[in-house]
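Chemist: Before we start, here is the structure in question, set down as structure tokens.
The values are calculated or read from the model by the stated rules, or taken from the named source; none is laboratory data. As the structure is a computational prediction, the values presented were derived from the model and not from experiment. Keep in mind that these areas ignore ligands, DNA and RNA; they rest on the heavy atoms of the full protein, side chains included. Shrake-Rupley method; radii C 1.70, N 1.55, O 1.52, S 1.80 Å.
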Amino acid sequence: MDVPLELSAYTRVLRLASTPSWEEFSQIAKIAGAGILLVGLLGFVIFLLMEVVTSVI
């Protein structure tokens, strides 16, 4: 494991990285929020289906 080489790669990435603009940040936040809501909705639908299946049995 060559530590100086890894540190130079990390510093190079940090130099290339930039703070996102407000537009980029808000778009990323909307997409992430939509994904969270979609996963939550899918889990709720599965929960409802399991409730229906267990009430029939």
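Chemist: Rounded to the nearest percent, how much of the accessible area of the chain (1.4 Å probe, protein heavy atoms only) is carbon and sulfur?
Modeler: 75 percent
Chemist: Another question about this same structure. Karplus couplings for the range 27-37 from phi (6.51 cos²θ - 1.76 cosθ + 1.60, θ = phi - 60°), rounded to Hz, Gly and Pro as x?
Modeler: For the range 27-37, the Karplus curve yields 5, 5, 5, 5, 5, 5, x, 5, x, 5, 4 Hz.
Chemist: Oh, and also: Using a probe radius of 1.4 Å on heavy atoms only, what accessible surface per residue do you get for the chain? Whole Å² is fine.
Modeler: Heavy-atom accessible area per residue stands at 96 Å².
Chemist: Another question, then. Largest first, please: the extent of the C-alpha atoms of the chain along each principal axis, to the nearest Å.
Modeler: For the chain, the Cα extents along the three principal axes come out at 64, 37, 6 Å.
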